[in-house]
1. Could you tell me whether any residue of region 149-169 is among the aromatic types (F, W, Y) and either open to solvent by 90 Å² or more (accessible area, probe 1.4 Å) or modelled with pLDDT of 70 or more (or both)?
2. Take residues that are within 18 Å of L127 (Cβ to Cβ) and tell me which of the strands (runs of 3 or more DSSP E) falling wholly in region 1-100 contain 2 or more.
3. Given the condition touching a strand residue (DSSP E or B) at 6+ places or on another chain (Cβ under 8 Å), under 12 Å from I4 (Cβ atoms) and open to solvent by 60 Å² or more (accessible area, probe 1.4 Å), answer yes or no: does some residue in region 54-76 qualify?
4. Is it the case, given these coordinates, that K70 is among the basic types (K, R) and modelled with pLDDT under 95?
5. With the structure loaded, tell me whether E136 is open to solvent by 60 Å² or more (accessible area, probe 1.4 Å), at pLDDT below 85 and part of a loop (DSSP other than H, G, I, E, B) or whether it fails that test.
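The values are calculated or read from the model by the stated rules, or taken from the named source; none is laboratory data. Remember, predicted model here, so these are calculated numbers, not experimental data. Cβ placement follows ideal geometry from the backbone for every residue including glycine, while neighbour counts extend to all protein chains displayed. All accessible areas refer to the heavy atoms of the entire protein, side chains included, with ligands and DNA or RNA removed. Shrake-Rupley method; radii C 1.70, N 1.55, O 1.52, S 1.80 Å.
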Amino acid sequence: MIRIVIAEDQEMLLEAIGSLLNLEDDMEVVGQARNGEEALVLVSRFKPDVCIMDIEMPEMSGLEAADALKQFGCKVILFTTFARTGYFDRVLQADVRGYLLKDSPSEELACSIRSIMNGERIYSPELIDKESNSTERVPGDGQGQMDCTTQQSTINGTVKSYISTIIDKIKLPTG
């Protein structure tokens with residue numbers, strides 16, 4: 001079971017990500033934080049495998065928290081809404097394993113978590129600074145992204161199954 005802490009300052013998004021990941025058979029969200037400081041406390045308490053954080057949060061940003069989380073051996077995934085110059089170098093310096101766009105399809109998140117647990121690094125191409133001094137440290141084959149793409153048909157079936165289950169539970173009228 002992959003144990004996960006999520007840190008996101010937008011409560012609806014925090015709850016949605018937690019709910020989606022808890023639907024996965026091999027994942028368990030063990031803690032939810034609203035800023036980087038809370039994430040540090042939860043990671044030290046629960047010792048998760050992965051911490052997923054918004055890159056910009058109050059109190060302590062995801063980048064600052066990622067740097068502090070190195071001591072716990074927890075793999076870090078950072079989310080962002082848009083690319084900012086200079087962030088990619090900081091992401092690499094903090095040994096962040098995943099740097100993803102928030103508007104990516106939700107099924108890519110679970111796939112990315114699994115790939116990162118298997119030792120890969122997943123960076124959304126849109127977030128890699130073209131003039132970065134660290135681009136030579138980035139794997140160039142995009143293998144992690146390809147793994148997610150090849151799993152798409154399985155994921156689509158799983159998503160359809162989840163939707164059917166939800167519809168059954170809330171007893172929506174048909175037709």
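1. First pass over region 149-169, keeping only residues among the aromatic types (F, W, Y): 162.
Adding the requirement that they be either open to solvent by 90 Å² or more (accessible area, probe 1.4 Å) or modelled with pLDDT of 70 or more (or both) leaves none.
No - not one qualifying residue is present in region 149-169.
2. It comes to 50-54, 75-80.
3. Looking for residues that are touching a strand residue (DSSP E or B) at 6+ places or on another chain (Cβ under 8 Å), under 12 Å from I4 (Cβ atoms) and open to solvent by 60 Å² or more (accessible area, probe 1.4 Å), one finds none in region 54-76, hence no.
4. Numbers: among the basic types (K, R): yes; modelled with pLDDT under 95: yes.
The answer is yes for K70.
5. The answer is no for E136.
Quick grid of which residues meet (1) modelled with pLDDT of 90 or more; (2) surrounded by 15 or more Cβ atoms within 10 Å (Cβ to Cβ); (3) under 10 Å from the mean Cα position of the chain (by Cα):
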residue: L78; (1), (2), (3): yes, yes, yes
residue: R84; (1), (2), (3): no, no, no
residue: Y87; (1), (2), (3): yes, yes, no
residue: L92; (1), (2), (3): yes, yes, no
residue: D95; (1), (2), (3): yes, no, no
residue: L101; (1), (2), (3): yes, yes, yes
residue: P105; (1), (2), (3): no, no, no
residue: I113; (1), (2), (3): yes, yes, yes
residue: G119; (1), (2), (3): yes, no, no
